[in-house]
Structures are given as C-alpha cells and as structure tokens.
Amino acid sequence: MTSTPTTSTTGPHPALPVHHGDPFGHEVLEDPAAFHEELREAGPVVHLSRYDVFAMARYAEVHAALRDWQSFESGAGVGLSNFRSEPPWRPPSLLLESDPPRHDAPRRVLSGLLAPRALRRLRERWRAAAADLVDDLLARGTEFDAVPALAEAFPLHVFPDAVGIPDEGRENLLPYGEFLFNAFGPHNDLVEAGAARAGDLAAWVNAQCRREVLADGGFGAQIWAAADRGEITPDQAPLVVRSLLSAGVDTTVHGLGAVLHAVATFPEQWRRLREQPHLARVAFDEAVRWASPVQTFFRTATTDVRVGDAVVPAGNKILMFLASANRDPRRWDDPAAFDLSRDPSGHVGFGFGIHQCVGQHVARLEAESLLTALAERVESIEVAGPVVRHHNNTMRALGSLPLRVRPA
Ligand code: OVM
C-alpha cells in the first residue's frame with residue numbers, strides 16, 4: 001500500500017478516521033487484505049477521501065447496516081453512482097436497486113422459484129451434468145486450467161438452460177456480468193475498457209427477457225407465469241428475468257473458482273471432503289466466506305445515521321466491505337484459514353437481510369453437484385502454476401487456476 005490511514009479532526013467529517021487509498025485501484029484489487037485490515041483498524045466507520053464516501057469494514061457494523069434497510073437504502077443504487085443525482089446506466093434492478101414496498105413482489109416471486117424445494121427437480125440433472133463434465137475433463141488429462149474447464153464451464157452449461165434462454169449468444173453472459181459488476185465502482189480504466197461493448201451486451205440480455213424467447217418450464221417462463229397470476233405486473237417480468245441473467249452467472253463462476261482454489265490450497269480439507277462428501281455445501285459456504293466473490297456493495301444513508309460516535313450524513317454513500325467482514329478477526333478465528341470444521345453460516349458473502357442473495361440455493365446446488373462429482377473421481381488436487389487474478393471493481397475473480405489432479 002502506498003496510502004496509510006490518517007485520522008482527521010479538521011476535515012469535512014470531524015471525529016471520523018480518513019483513508020486516502022483507492023479500493024478500486026489495481027493494487028487493492030490484486031490483494032485487498034492489507035487495505036481491509038487498515039480500514040478495520042481505523043474504526044467502525046471510515047471516510048474514503050478519494051471518492052468522498054464512507055466505508056464499513058468490520059463484521060458487526062456491516063452486518064447491522066445490512067439489516068437496517070430503512071437507514072441504509074438500496075434504491076439510490078448499490079454502486080458509487082447515486083441514482084438520485086446521476087442517471088443509471090441501465091434501468092434499475094427491481095430487486096438489487098430497490099427497497100420495500102416496490103422490492104417486495106419481485107422478491108417474493110423469485111424467492112419462491114429459487115427456494116430449495118423448487119430446485120429439487122434440477123438436482124439429478126445437475127449431478128449428471130457435473131459427472132459428465134468431470135469425466136470428459138479427466139479423459140483429456142490431469143492438468144488443466146480450472147477457470148475455463150470447471151468454474152466457467154459448469155454454470156454456463158446448466159444455468160442458462162434452467163432459465164430457458166436459447167443457445168445463441170450465450171457467450172455474452174459473462175462479458176455482460178463483467179461490465180455490470182465493474183459499473184458498480186467508479187468510472188475507472190476497468191469500466192472504460194468495457195464501455196464500448198456495454199450497449200450491445202445490454203441489448204442482447206434485454207432481448208432474452210422477452211416471453212417469446214423463454215423456454216417452457218424454465219425460470220424465465222415461470223416469472224412470466226407469475227405475471228399472468230398478477231403476482232408482479234407484465235412490465236416487471238422482463239426486469240426480473242434480467243436479474244437472473246445479471247446476478248446468476250459470474251457470481252457462481254467466481255464462487256466455484258474460489259472453492260476450487262481453496263481445496264487446492266488446503267489439501268487436508270480436500271481429504272476431509274472426500275471422506276465426508278456431505279460437507280460439500282459447508283465447503284462452498286466456507287469458500288464464499290474465505291474469498292467473497294462479491295467483495296463490496298454500497299448503500300445510501302436515508303437520514304443522518306449514527307454509527308458508534310460517528311454520523312453518516314443523509315444522502316451519502318457507504319461502501320460495505322463484505323469481504324473484510326468475512327475475515328474480521330473480531331468475528332472469526334484464524335479468518336484466513338479455509339476450514340471445514342468451522343460454521344461459516346454467519347458470513348455476509350451473500351449479503352444479509354432483505355436483499356440477501358435470492359439465488360444462493362441455486363449457487364449451492366451448482367457447487368454441491370460439481371464438488372461431489374470431483375470428490376468421487378479425484379484423490380488429490382494441487383496448484384500446478386501461477387494463480388492469476390482477474391480484476392473487477394466488485395468481484396474477486398480468478399483469470400487462471402492451473403490445477404494438477406490425481407484421479408482416484
Ligand atoms: C440484478 C443484480 C445484478 C447484479 C448483482 C445482483 C448480486 C443483482 O440485476 O438484480 O445481486
């Protein structure tokens with residue numbers, strides 16, 4: 001880090017510690033651990049001078065703020081841009097970027113469709129798909145890049161089918177998500193690099209949300225059926241489908257990448273998972289805690305909000321460091337260890353409160369399917385080359401994860 005925290009008593013927010021660093025700079029994106037620790041140590045709320053926003057990086061405050069949607073709204077956007085003063089780059093999400101009461105009907109529809117019992121019909125199919133994917137991969141060799149070969153391949157194989165979009169154009173899904181998650185940050189080089197394609201990608205995604213293109217029985221058709229029943233309005237339906245296509249692909253790719261990276265880095269945990277395959281879901285949640293595929297989201301203060309001795313003035317953005325909360329030593333023993341014997345269930349990697357990830361059961365089912373197929377077939381996994389990070393303003397992602405496996 002080139003920047004160090006300093007305490008201001010004369011700045012615009014007396015009594016608040018200030019950090020001058022850039023959470024969206026490449027140095028932090030490459031390895032955010034030191035930056036997160038500086039923020040946690042500076043205090044419960046810190047002013048980020050570079051963007052004139054506030055930050056919370058300790059578990060207790062992040063958790064409490066995520067519960068308090070009345071004080072910390074999402075409707076002004078969950079990125080740096082404030083929708084009350086700047087036009088959003090796309091029509092706001094009815095789920096992510098809205099609050100009750102508007103948030104409730106779309107949320108209710110999606111929670112029903114993505115509930116564990118509603119996903120039971122996918123379980124056998126996804127288990128078989130994962131088994132085939134791993135068999136094909138092992139037939140080609142025992143060294144591979146797990147990012148394209150597993151972390152991307154599996155969600156891209158099962159999720160678009162489950163939504164019911166056609167095959168054509170699916171290569172747009174990851175680049176769309178990549179731009180969307182960059183766009184929650186500042187207009188930096190990462191956003192600039194994606195801007196030229198963003199309009200075309202958004203147009204393609206929007207076209208997949210129309211009733212006529214969505215296959216019978218899929219999540220997309222079920223969203224339109226909910227509109228027919230009057231649970232949401234017909235003009236809300238395409239935006240709810242858009243949420244699935246926005247939030248459902250890159251997040252799971254990077255979640256799977258995280259758990260593969262974790263088991264390759266902590267071999268005794270892989271051994272444990274092979275002995276007790278029912279730990280697959282714990283392994284995934286522990287990896288979401290350990291890596292936090294979604295690192296941050298903003299909220300906006302609706303009134304002057306007191307946090308400890310500090311006040312966040314109404315209308316200001318607050319950056320919630322989910323990743324830092326998930327490794328706060330005030331909450332977790334040995335937070336950097338990926339450990340299947342801990343209970344990771346309080347992590348905030350899926351957020352918390354009314355906006356907590358509505359697709360988390362889909363993500364867990366994907367992970368369980370893939371990890372089970374691997375555990376049945378692979379005795380050991382090791383990192384076989386340089387692990388390369390992929391920088392994104394919101395997501396912690398891998399560009400490359402070279403693995404060497406020993407088949408069972
Ligand atoms: C949405 C959306 C987009 C990105 C992320 C997300 C993590 C939701 O369009 O609703 O949740």
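Can you give me the number of residues within the range 187-235 that are within 23 Å of LEU80 (Cα to Cα) and part of a loop (DSSP other than H, G, I, E, B)? Of the residues in the range 187-235, 2 are within 23 Å of LEU80 (Cα to Cα) and part of a loop (DSSP other than H, G, I, E, B). Filtering the range 266-301 to residues that are polar (S, T, N, Q), crowded, with 24+ Cβ neighbours inside 10 Å and part of a loop (DSSP other than H, G, I, E, B) leaves SER292, GLN295.
Considering only residues in the range 92-119 that are more than 16 Å from the ligand (Cβ to nearest atom) and in contact with a Leu (Cβ under 9 Å, 6 or more places away or on another chain), the one that is least open to solvent (accessible area, probe 1.4 Å) turns out to be LEU119.
Per-residue answers, yes or no, for (1) part of a loop (DSSP other than H, G, I, E, B); (2) within 16 Å of the ligand (Cβ to nearest atom); (3) open to solvent by 10 Å² or more (accessible area, probe 1.4 Å):
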position	(1), (2), (3)
VAL18	no, no, yes
GLY21	yes, no, no
GLU27	no, no, yes
GLU38	no, no, yes
HIS47	no, no, yes
SER81	yes, yes, yes
SER85	yes, no, yes
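Answer yes if at least one residue in the range 165-182 is within 29 Å of LEU319 (Cβ to Cβ), touching a Gly at 6+ places or on another chain (Cβ under 7 Å) and of a type in the set (D, E, K, R), and no otherwise. Scanning the range 165-182, I find at least one residue that is within 29 Å of LEU319 (Cβ to Cβ), touching a Gly at 6+ places or on another chain (Cβ under 7 Å) and of a type in the set (D, E, K, R), so the answer is yes.
The residues listed here are PRO186, PRO234, PRO166; of these, the one that is more than 14 Å from the ligand (Cβ to nearest atom) and under 19 Å from LEU94 (Cβ atoms) is PRO234. ARG197 satisfies every condition listed in (1) farther than 27 Å from GLY351 by Cα; (2) buried (at least 24 other Cβ atoms within 10 Å of the Cβ) except (2). Inspection of the range 55-69 identifies at least one residue that is modelled with pLDDT of 95 or more, in a loop (DSSP other than H, G, I, E, B), crowded, with 17+ Cβ neighbours inside 10 Å and out of contact with any Phe, Trp or Tyr (no Cβ under 7 Å at 6 or more places or on another chain).
Only strands (runs of 3 or more DSSP E) whose full extent lies in the range 302-385 are considered here, and none of them has at least 1 residues that are under 30 Å from GLU124 (Cα atoms), within 16 Å of the ligand (Cβ to nearest atom) and of a type outside the set (A, V, I, L, M, F, W, C). Being touching a Phe, Trp or Tyr at 6+ places or on another chain (Cβ under 8 Å), in contact (Cβ under 8 Å) with a residue 40 or more places away in the chain and on the phi < 0 side of the Ramachandran plot holds for only one residue in PHE266, PHE321, and it is PHE266.
Please work out which residue is surrounded by the most Cβ atoms within 10 Å (Cβ to Cβ), limiting yourself to the range 126-143 and to residues that are within 8 Å of SER369 (Cβ to Cβ) and among the small types (Gly, Ala, Ser). By that ranking, first place goes to ALA130.
The values are calculated or read from the model by the stated rules, or taken from the named source; none is laboratory data. Nothing here was measured: the structure is a model prediction, and the numbers come from that model. Glycine also receives a Cβ, built like all others from the backbone with ideal geometry; neighbour counts cover every protein chain displayed. For the accessible areas, the whole protein counts, side chains as well, though only heavy atoms, and no ligand, DNA or RNA atoms are used. Shrake-Rupley method; radii C 1.70, N 1.55, O 1.52, S 1.80 Å.
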